[in-house]
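These notes concern the structure reproduced below.
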Amino acid sequence: MQTLSATLLAAQKAMGDILYKLVLTKAGEDTITYGCDTTNRILDMKHWDDDWLQTVEVVIDDREGNVTSINLIGYQGVVSYGYHTTSDEYIGQAPLKVKAQDLRYIDGDEVCVLSLTGKGNQMEEDKASAINKKGTATSTSAKHLVDTAATFESGDLGKKVYNSTDNTWARVSAYVSGTDLVIEAVASQWVAVTAYIVGDKRKPTVENGSVYICSTAGTSGGSEPSWSTTDGATTSDGTVTWTCYNLIISGESYELHATEHLANSSDTMKTHINAIAGATMPCFSHCEVITVSWDVEDWLIDTYIPSDGFKVTPGQSRLEKIKEALAPTACDGRIESDGYLHIFMTYARAWQANFNYYVGEIVKPITGGDFIYTCTTTGVSGSVEPTWTLGADDTITDNSVVWTLQYDYKYGRESDDHNIYQKSTIRRIVSPNKVIVHSYPDMEESYWGSATEPDSYALLPKTVTQQMRLTSDTQAENIAKAMIDRLARNNATGQGRFPMNVGQEIYDYVLLAEED
């Protein structure tokens with residue numbers, strides 16, 4: 001939920017004419033604004049906001065040809081909505097990027113159609129590379145990759161090493177230590193009396209820690225030459241000239257490539273999300289850095305360690321892996337107007353007795369209706385479930401915890417409500433309605449936990465099983481509960497149609513009030 005000023009909130013409830021504008025910016029270029037009252041005014045705008053994905057299509061009047069002359073591809077765009085109060089008052093939405101500019105001639109008028117997408121869409125297009133690790137060699141040693149800042153592992157055996165300084169490849173043939181790997185050239189062996197062209201890469205019949213690139217085309221000699229091992233030196237071979245490239249020398253940059261990126265054995269889901277969004281995970285290092293704001297964390301996001309259960313293979317998207325990291329938790333995310341990825345709890349777990357709760361956590365009553373309550377004072381819950389009241393902003397004391405009934409917006413018929421045109425209530429079975437979480441079969445110690453949505457399970461039982469790296473039965477049960485809560489939350493219970501709310505965002509908690 002975006003915070004609206006009192007004047008903007010009042011104007012919105014009064015249902016005045018909505019204002020809208022698009023502000024475009026690009027480094028080194030002038031800022032451009034199109035709106036409902038600018039010279040090149042917006043004729044039409046469609047805005048789709050769906051979980052992580054945002055798409056906007058804007059039609060701009062271009063009868064004077066002003067827009068045609070500007071290449072707007074790559075501009076950042078911020079759509080703002082608002083109402084007229086004492087002046088035109090706007091509130092901005094999440095930033096977008098112009099992906100397409102379509103100049104059209106329609107019914108005698110020239111228009112420009114801009115297509116923009118959000119950062120979620122861009123993360124969906126960001127695909128993982130094969131890069132598993134990267135760094136800079138800190139010393140020169142024949143047939144060795146030495147990097148004193150590295151964290152090599154025995155699992156690096158067989159990975160390819162790309163020398164991004166010289167554009168050559170090697171393969172890890174032995175693990176020596178966390179800072180030292182033995183490598184061999186990835187190239188065909190030299191062959192006598194063979195025609196070679198410039199750019200051909202060969203290695204000697206006996207590995208010497210170098211690869212040789214043909215710099216003068218010709219035919220190789222009848223016997224193998226004496227290869228120079230000085231980086232950059234040349235070797236004559238019949239009518240061919242070869243240039244020596246040591247596989248890796250001090251100061252040269254390298255990348256370790258693998259068929260998958262394995263998680264560090266001590267990293268939590270929070271650590272993975274920070275690395276993926278922040279582009280510090282090597283396979284996503286080519287992507288834009290997106291800052292993560294941890295607004296409200298649940299009890300799993302920074303405690304569950306998936307170990308090698310979390311893998312990234314080349315071609316998987318950043319968005320796919322972030323959603324996977326969030327899946328066993330009670331958290332979701334959205335890109336907000338500051339351009340950050342905000343992570344917070346989006347669905348409630350059933351209240352528990354004698355439990356530590358922190359400000360921002362949300363719960364649902366075991367008995368007492370479907371409302372969700374937010375912890376507004378940190379503490380430990382009581383041994384008996386409190387009596388849950390149903391008034392907006394009501395506070396409920398629960399031992400040392402204080403709960404508040406909070407929803408972001410209320411739509412209804414009362415004078416202080418946001419207007420509503422129509423609503424419907426939906427009842428449907430949650431499916432699947434039982435989740436079983438247990439350890440992988442190859443783990444020495446096995447753990448098990450489950451959770452059920454009881455009403456749906458009684459009507460039409462559907463069970464799903466998830467194998468994971470686990471450390472206790474309690475952890476397995478907590479993950480199962482988080483998964484079943486997500487399934488229940490995603491099971492729509494109602495829908496409504498109402499005038500545009502310029503402050504509402506995906507995952508806001510709203511109340512569609514009962515009609516009089």
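Against the longest alpha carbon principal axis of the chain, how many degrees, from 0 to 90 and to the nearest 10, is the axis of helix 473-489 turned? Around 60 degrees separate the two axes. A simple rule links phi to the HN-Hα coupling: the Karplus curve 6.51 cos²θ - 1.76 cosθ + 1.60 with θ = phi - 60°, which for the stretch 222-238 gives x, 9, 5, x, 8, 6, 6, 10, 8, 4, x, 6, 10, 10, 8, 8, x Hz, with x for Gly and Pro.
Backbone amide hydrogens, once placed in the peptide plane, bring LYS133 within less than 5 Å of LEU256, excluding anything fewer than 5 places away on its chain.
Rounded, prolate or oblate: which one fits the chain, using the alpha carbon gyration tensor with axes a ≥ b ≥ c (rounded when a/c is under 1.5, else prolate when a/b beats b/c, else oblate)?
oblate
Given N residues in the stretch 174-256, what is its alpha carbon radius of gyration divided by 2.2 N^0.38 Å? Kindly include the intermediate steps, with their values, before the conclusion.
Numbers: Rg = 13.6 Å, N = 83, 2.2 N^0.38 = 11.8 Å.
With N residues counted in the stretch 174-256, Rg over 2.2 N^0.38 Å equals 1.16.
How charged is the neighbourhood of TYR304? Take every other residue with its Cβ under 12 Å from the Cβ of TYR304, and add Lys/Arg as +1 and Asp/Glu as -1. Please list the in-between numbers first.
Values: positive: LYS270, ARG469; negative: ASP267, GLU297, ASP298, ASP302.
With Lys, Arg at +1 and Asp, Glu at -1, the neighbours total -2.
With respect to the cross-link table entries LYS203/LYS321; LYS119/LYS410; LYS311/LYS462, which display a Cα-Cα separation exceeding 32 Å? Going by Cα-Cα distance, LYS203/LYS321 fall outside the 32 Å limit.
Annotation for the stretch 376-417 versus the stretch 23-47: alpha-carbon center distance of 42 Å.
For the stretch 201-246 and the stretch 432-470, what is the centre-to-centre distance using only Cα atoms, to the nearest Å? Spelled out, the Cα-based centre of one part sits 60 Å from the other.
By the gyration tensor of its Cα atoms, with a ≥ b ≥ c the square roots of the eigenvalues, what is the shape of the stretch 434-491: rounded for a/c under 1.5, prolate for a/b over b/c, or oblate? Please report the intermediate quantities before stating the final value.
Details: a/c = 2.70, a/b = 2.12, b/c = 1.27.
Prolate is the answer for the stretch 434-491, as a/c is 1.5 or above and a/b outweighs b/c.
At q = 0.15, 0.20, 0.22 Å⁻¹ the log10 of I(q)/I(0) for the stretch 315-359 amounts to -0.54, -0.80, -0.88, computed by Debye summation with a single uniform scatterer per C-alpha, solvent ignored.
When DSSP beta bridges are limited to those with both residues in the chain, what percentage is antiparallel, rounded to the nearest 5? Please report the intermediate quantities before stating the final value.
On the way: 111 of 128 bridges.
Antiparallel: roughly 85 percent of the beta bridges in the chain.
At most 15 other Cβ atoms within 10 Å and a DSSP loop assignment: could you name the trypsin sites (Lys or Arg not before Pro) in the stretch 374-452 that fit? Counting only loop positions with at most 15 other Cβ atoms within 10 Å, the trypsin sites (Lys or Arg not before Pro) in the stretch 374-452 are ARG413, ARG427, ARG428. The Stokes-Einstein estimate for the stretch 71-133, based on a Kirkwood radius over Cα pairs and taken at 37 °C with 0.692 mPa s viscosity, is a diffusion coefficient of 222 µm²/s.
Which of rounded, prolate, oblate describes the stretch 261-345, given a ≥ b ≥ c as roots of the alpha-carbon gyration tensor eigenvalues and a/c under 1.5 marking rounded, otherwise prolate only if a/b is larger than b/c? Write out the running numbers ahead of the final one.
Values: a/c = 1.86, a/b = 1.10, b/c = 1.70.
Oblate, since a/c reaches 1.5 and b/c is not below a/b.
FYI, it's all coordinate maths here, none of it is from the lab. As the structure is a prediction and not an experimental result, all values here were calculated from the model. Using ideal geometry, Cβ is built from the backbone for each residue, glycine included, and neighbour counts are taken over all protein chains shown.
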